[in-house]
Every structure is written in C-alpha cells, then in structure tokens.
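Remarks on the structure that follows.
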Amino acid sequence: MQIDKNVFRAYDIRGKAIADNPQLTSEFALELGKALGTYFSRKGRTSIATARDGRLTSPELHASLIDGLSMTGIKMTDLGLSPSPMFYFAVCQSEFDCGVIVTASHNPKNDNGFKIVDDNAHSVWGPELQNIYEMIIKQDYDLSSKHSSVSEFSVFDRYKAHMKSELHVQRPYKLVIDTGNGINGPFIEELLEHPNLDVTVIYKEIDGNFPNHPANPEKEKNMLDLSAKVRELRADLGLGFDGDADRLGMVDENGKFYTCDLLLMLLAEDFLSRNPGETVIYDTKVSKIVENEIKQASGKPYRYMTGHSLIEKEMHAKNIKFGGEISGHYFFGENYFGFDDATLATVRLLNLLTKSDKKVSEYFKDLPHVFVTPELRIECADNKKFDVVKQIISKFEDDYNLITLDGMFLDYNDHTWGVCRASNTAGQLTLRFESQTQEDLFTLIDLIADAIANFPELDAQAVRDLKNLF
C-alpha cells in the first residue's frame with residue numbers, strides 16, 4: 001500500500017478522497033485506525049471517541065477507521081455525525097480520553113481528512129502526526145486477539161445545555177445563518193433557541209456536494225447568498241459557518257462582508273471587557289487595526305503562528321484565554337476548554353451585540369480606512385514551499401523589519417505590512433497586504449512580486465494583480 005506522506009500535514013491529516021488516484025481510501029483509514037489505537041494505547045489512553053462530517057466519503061472512511069481501531073482492542077464510542085467543536089466538547093466533557101473525527105473542514109468536496117485529539121481535546125499535530133505516519137509505514141501495531149466493539153453516544157443534549165447557559169440575548173434580534181450544506185445545519189437552530197432570537201437558516205441540508213457554494217466563510221464570494229437573504233429579511237446580522245462548524249464569518253445588517261479578523265476584534269473587545277489586561281493571541285495575517293484595537297481595549301496583542309493547533313497549544317502553554325485567526329477560528333479558554341468553536345463564537349457575539357441598540361455596521365464606522373487585500377493563495381509544491389519562503393526571506397532580512405516565526409511578516413512602516421508564508425494544509429504559499437495608503441500598498445506588493453518572480457514555478461503576476469482590486 002502506497003502512503004502519501006504529504007497528507008500528514010502540520011495540524012491534521014488531509015488529502016484527496018475522490019480522484020483517479022485518491023490519497024485517502026478505506027485501506028488508508030483501516031491502517032490509520034490500527035496506528036491510532038496503538039498510539040493512544042501506548043500513551044495509556046483507554047477510550048476513544050470517533051465522529052464524522054457530512055462529506056460523501058466520510059461514511060466509508062469512518063467505517064474503515066473503526067475497523068482498524070477495533071483490531072487494537074481500544075474501547076470505542078461513535079458520536080456519529082458531529083460538528084468538530086461538539087466532538088471536541090465530548091472528549092472534554094465525557095469519559096473519552098482521546099478522539100478522531102473524519103473531516104476536511106472547509107476544503108473542496110473531493111477532499112477529506114482526520115482531526116485527531118488527545119486528552120482534553122488537545123490536538124495531535126506536527127511531530128506526533130509524523131510518528132503516526134512512521135507507525136503505518138513500519139506496520140508498528142499492537143493488535144489484540146480480541147477485537148473491540150463500538151458503542152454509540154450522543155453528546156448533543158449536553159452541548160446544547162452549555163450553549164443555552166451562555167446565551168443571553170437581551171433584545172429581539174433577527175439572525176440569518178448560512179451553514180453551507182455543512183455539518184451544522186441540523187443542529188444550529190436548536191442550539192440557538194431563545195425567545196428573543198428569530199433565526200433563519202439557509203442551506204441547512206447536509207450535502208457533501210456543496211451544491212450552493214463552498215462551505216468557507218472566509219471568502220466574500222461564498223457569503224453572497226447570505227448577504228442577499230439578510231437584506232431580503234431586513235435582518236440584524238448574517239453569519240456563515242464552514243463545513244465542520246469550527247469557523248465563522250459575518251455580514252452586517254446591510255449585507256456588507258467583513259473579514260474574519262474584524263469579527264475577532266469584536267470578540268476580543270467583549271473578552272477584554274471582562275478580563276482587562278489579558279493577552280489576545282492571533283495569527284500573523286491579522287490586520288494591524290485589530291492589534292491597535294486590542295491595545296485600546298487594555299489588552300495585550302500577541303501575533304503568533306498560523307494554524308488552529310499551534311494557536312491552541314500556545315494558549316494552553318501560556319494560559320491565554322482568547323484568540324483567533326483571520327480564517328475564522330476563534331478559541332475560547334474563558335469558562336471553556338481552549339479549542340475553536342464557531343457556535344460559541346456565535347453565542348458570545350450575540351450577547352455583545354444585543355447589549356445595546358447599535359447596528360453591527362456602527363461597530364466599525366470609526367475604524368481607520370485601510371487598503372487591504374484578501375488572502376492570496378499561489379500554488380507551490382509541498383516539497384518546495386518552505387524552502388521557497390526561506391529564500392524569499394533572505395531577500396528582505398537585511399533591509400526590513402521582519403517577523404519570521406511563521407514565514408515572513410514584513411513590517412514596511414507604521415501602517416503597511418505584508419505576509420508571505422507556506423500553507424500548512426495545502427501545496428500553496430499564502431500572501432496578504434495592508435496599508436493606509438494605496439501608494440505604500442502598491443510599493444510593497446511590487447517588492448514581494450519581484451522576489452516571487454525569481455521562482456518560475458510561482459505566479460508573480462497574481463500578486464501584482466492584487467492592485468487591480470483598488
């Protein structure tokens with residue numbers, strides 16, 4: 001059996017499940033199950049939870065995963081169809097001491113993957129995933145003569161009770177939600193039941209073909225139907241979930257789309273209103289506007305590496321109680337477990353927005369105007385992308401102020417910055433730029449594009465084309 005090492009990414013396992021030569025197959029899932037049962041048993045774990053999302057290949061991969069786990073004799077419980085945050089909640093709140101969910105989050109419909117968590121839903125990532133890969137390659141398994149059976153369990157009522165205990169909507173409020181045919185469609189209305197909430201959900205039927213748009217609220221084009229429905233219903237707010245419900249995006253009462261770091265800003269200000277002086281962690285691509293607003297709210301901004309597993313690990317290590325990413329992940333350690341949960345983000349956002357009669361757009365009207373690009377992704381082979389970024393860094397490190405913790409954050413001047421980094425979830429480079437002046441923005445874009453042009457396999461023109469947005 002051929003195993004593509006590249007599917008063992010920084011935070012999880014992810015690859016093509018529908019293709020002429022798929023990377024993730026039922027045979028792969030069987031071997032992964034044997035490896036995970038062995039891996040966790042050797043760590044003293046005795047009970048594992050499994051779950052899956054609504055992708056077309058998830059039932060088959062999930063069944064084979066369970067078959068592999070059973071061969072190791074570990075006690076198994078199947079949570080069935082579950083949003084990733086509800087699965088994490090189950091691992092934290094129930095008798096399970098580890099878990100694995102079949103999901104590819106917001107990836108295209110032909111992809112799938114596996115998110116793996118240890119005790120207290122701490123992500124298994126990085127070197128540990130490579131250890132699991134080596135176990136499969138070497139067939140290093142501890143198999144039991146007596147295969148274990150799987151029991152079923154629903155954590156929904158417990159999860160719902162927690163959300164209802166947190167939800168305090170203080171005035172009548174009309175909300176539109178787009179679950180994008182992802183996993184949260186059958187759950188979200190019941191999770192948000194409240195006498196002051198009027199909730200309309202679009203595209204709530206689970207459909208692994210994602211027939212209406214990709215389930216990725218980070219991109220404005222995927223939020224257009226939500227915007228239209230908000231305007232049609234004259235709603236107060238529109239929220240979009242990704243495929244496994246760990247990411248959240250927003251449009252205001254006019255259907256205007258906001259990048260997810262501005263939603264992070266609102267949640268950070270809400271957190272700091274109860275926890276003044278605390279640290280807020282966020283990834284390297286987040287706007288400097290957010291950094292400045294955290295300071296003004298008496299918080300300590302902490303720009304860190306991109307990746308939900310990396311943010312989560314740093315939060316636990318430094319006892320940080322809130323953080324987020326521009327991709328729409330928001331992490332809650334205040335009266336919660338430190339993982340990313342888009343439903344809880346919804347709850348806390350609603351609590352904030354219903355404290356006053358302010359419209360959503362009014363929270364942003366006094367922010368400084370900036371020219372900011374969306375995130376640009378440029379194809380770059382997995383086996384080359386990190387080396388390419390290192391070479392790009394070498395062209396700037398002597399003349400500019402750089403942060404190289406996660407690729408390159410180039411601090412051009414007080415109000416202008418750019419990021420170039422290797423994606424940890426795909427064979428791509430990711431770039432983003434921001435400035436308060438169009439002139440400085442264009443200058444920095446051209447600087448980075450000139451550096452990228454030295455690599456013929458990269459699309460430097462796509463970087464320059466960002467200027468056409470303005």
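Taking Ile403 as the residue in question, decide whether it is open to solvent by 40 Å² or more (accessible area, probe 1.4 Å), more than 20 Å from the chain's Cα centre (by Cα) and among the β-branched types (Val, Ile, Thr). Yes. Remark: pairs (first residue in the range 322-337, under 23 Å from Met223 (Cα atoms) and open to solvent by 10 Å² or more (accessible area, probe 1.4 Å); second residue in a loop (DSSP other than H, G, I, E, B) and hydrophobic (A, V, I, L, M, F, W, C); Cβ separation under 6 Å; 6+ apart in sequence or on different chains) = Ile326/Val286. A Cβ distance below 8 Å, combined with a sequence gap of six or more or placement on separate chains, defines the contacts here; from the range 275-296, residues that are basic (Lys, Arg) reach residues that are surrounded by fewer than 21 Cβ atoms within 10 Å (Cβ to Cβ) and part of a strand (DSSP E or B) in the pairs Lys295/Pro301. If the condition is being in contact with a strand residue (DSSP E or B) (Cβ under 9 Å, 6 or more places away or on another chain), charged (D, E, K, R) and open to solvent by 10 Å² or more (accessible area, probe 1.4 Å), then the range 30-64 contributes Lys43, Arg45, Arg52. Taking the criterion of being over 25 Å from the mean Cα position of the chain (by Cα), of a type outside the set (Lys, Arg) and more than 27 Å from Asp242 (Cβ to Cβ), the residues of the range 363-386 that qualify are Asp366, Pro368, His369. One residue stands out among those in the range 297-315 that are out of contact with any helix residue (DSSP H, G or I) (no Cβ under 7 Å at 6 or more places or on another chain), of a type outside the set (D, E, K, R) and modelled with pLDDT of 95 or more: the one that is least open to solvent (accessible area, probe 1.4 Å), which is Met315. Checked against (1) open to solvent by 10 Å² or more (accessible area, probe 1.4 Å); (2) of a type in the set (Lys, Arg); (3) touching a helix residue (DSSP H, G or I) at 6+ places or on another chain (Cβ under 8 Å), Arg274 meets all criteria but (3).
The residues of the range 216-232 that are open to solvent by 50 Å² or more (accessible area, probe 1.4 Å) and among the hydrophobic types (A, V, I, L, M, F, W, C) amount to a single one, Leu224.
Screening Pro85 on (1) under 30 Å from Lys358 (Cβ atoms); (2) part of a loop (DSSP other than H, G, I, E, B) shows it passes everything except condition (2).
Among the conditions (1) farther than 18 Å from Leu191 by Cα; (2) buried (at least 20 other Cβ atoms within 10 Å of the Cβ); (3) more than 21 Å from the chain's Cα centre (by Cα), Thr354 misses just one, which is (1).
Beta carbons closer than 7 Å, at least 6 apart along the sequence or on distinct chains, pair a first residue in the range 100-123 that is more than 12 Å from Thr425 (Cα to Cα) with a second that is part of a helix (DSSP H, G or I) and acidic (Asp, Glu) for Ser123/Glu312. So, in the range 9-23, of the ones that are out of contact with any Gly (no Cβ under 9 Å at 6 or more places or on another chain) and not small (Gly, Ala, Ser), which residue ends up least open to solvent (accessible area, probe 1.4 Å)? Among those that are out of contact with any Gly (no Cβ under 9 Å at 6 or more places or on another chain) and not small (Gly, Ala, Ser), it is Ile18. What do you reckon, is Gly243 under 27 Å from Ser82 (Cα atoms), among the small types (Gly, Ala, Ser), open to solvent by less than 10 Å² (accessible area, probe 1.4 Å) and in contact with a Leu (Cβ under 9 Å, 6 or more places away or on another chain)? No; evaluated as a whole, the condition is false for this residue. The set of residues in the range 88-146 being at pLDDT below 95 and touching a Cys at 6+ places or on another chain (Cβ under 6 Å) consists of Asn120, Ala121.
Within the bounds of the range 342-353, is there any residue that is at negative phi, modelled with pLDDT of 95 or more and part of a loop (DSSP other than H, G, I, E, B)? Steps first, please.
Filtering the range 342-353 down to residues at negative phi leaves 342-353.
Then keep just the ones that are modelled with pLDDT of 95 or more; that gives 342-353.
With the extra rule that they be part of a loop (DSSP other than H, G, I, E, B), the set shrinks to none.
No: zero hits.
Count of the range 80-116 residues, restricted to those that are farther than 17 Å from Gly243 by Cβ and either among the aromatic types (Phe, Trp, Tyr) or open to solvent by 10 Å² or more (accessible area, probe 1.4 Å) (or both), is 7.
The values are calculated or read from the model by the stated rules, or taken from the named source; none is laboratory data. Please read these numbers as outputs of a predicted model, since none were measured by experiment. Cβ atoms come from the backbone with ideal geometry, glycine included; neighbour counts cover every protein chain shown. Heavy atoms of the whole protein, side chains included, go into the accessibility calculation; ligands, DNA and RNA do not. Shrake-Rupley method; radii C 1.70, N 1.55, O 1.52, S 1.80 Å.
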